[in-house]
Amino acid sequence: MTLGELQARLGVTIEPELLELALTHTSFSYENGNQPSNERLEFLGDSVLGFVVSAHITQTFTDLSEGELSRLKNAVVSAKALAPIAENLRLGDYLRLGVGEERTGGRSKPNLLADSFEAVLGAIYVSAGIEAATEFLRVQLFPLLADPTALLNASEPKTKLQELAAKLGLPNPEYTLTHDGPDHDRTFTASLLIKGRIFVGTARSKRDAETEAALAALSKLA
């Protein structure tokens, strides 16, 4: 395994030193005299990922609400989505890990793989610019958006809350809706009662208000 082989798999030319840095985990850095790690590239890659995905889904799925776009983005940029892509690219094989991280199976940890994907994306941006980073994501990530409805349903907070309520032996969540403001500028508020606690969500649409209420409940109950 060589970095050249990895670059061929990535489909982008990156300076070898920069690619090596993108694959250097903090555990390796700590155990080797605090050498630079991939944290800064990961930070950059996370920002590039968020921007490119946000721009793409906003331009592509013109019928989705702001709340739906937000949920779709969160589903696509999650560690759950990124880790399998990193695994398919075999990024784990090239990671520079500390002894302890190596011993505990760091090369196959989903969060670590997702972080390495973001770091590599950051390196692509530094090396070749936003167009190359966008093309890389078009090939590697955008196929996940082939069925946005399935992604939205899988990440739908109301569905998750309903499943959690059933698991806990609780009644199916019921939402109470109120609204405020004129017809052209209306704000909706959804509330639900679970285990004696009231959870509230506010948004410009009924659906998004209910989603916000469900998210509030999940943050406390899940």
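The values are calculated or read from the model by the stated rules, or taken from the named source; none is laboratory data. Given the structure is predicted, the values throughout are model-derived calculations rather than measurements. Neighbour counts are summed over all protein chains in view; Cβ atoms, including those assigned to glycine, are modelled from backbone coordinates with ideal geometry.
In table form, for the structure just shown:
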| read-out | value |
| --- | --- |
| Residue, modelled with the highest pLDDT, within the stretch 11-53, restricted to residues that are among the polar types (S, T, N, Q) and in contact with a Leu (Cβ under 7 Å, 6 or more places away or on another chain) | N38 |
| Residue match in the stretch 54-75 (condition: at pLDDT 95 or above, part of a helix (DSSP H, G or I), buried (at least 17 other Cβ atoms within 10 Å of the Cβ) and not hydroxyl-bearing (S, T, Y)) | yes |
| Failed criterion for D208 (all others in (1) charged (D, E, K, R); (2) in contact with a Gly (Cβ under 7 Å, 6 or more places away or on another chain); (3) free of Cβ contacts under 8 Å to residues at least 60 places away in the same chain hold) | (3) |
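Here is a yes/no grid of residues against (1) within 27 Å of V120 (Cα to Cα); (2) not assigned by TED's automatic domain parsing to the domain that holds S54:
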{"residue": "F136", "(1), (2)": "yes, no"}
{"residue": "L145", "(1), (2)": "yes, no"}
{"residue": "A150", "(1), (2)": "no, no"}
{"residue": "E163", "(1), (2)": "no, yes"}
{"residue": "G181", "(1), (2)": "no, yes"}
{"residue": "D185", "(1), (2)": "no, yes"}
{"residue": "K195", "(1), (2)": "no, yes"}
{"residue": "I198", "(1), (2)": "no, yes"}
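Let's see how each residue does on (1) closer than 30 Å to E42 by Cβ; (2) surrounded by 12 or more Cβ atoms within 10 Å (Cβ to Cβ):
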| residue | (1), (2) |
| --- | --- |
| K109 | yes, yes |
| A132 | yes, yes |
| P148 | yes, yes |
| K158 | no, yes |
| D180 | no, no |
| R197 | no, no |
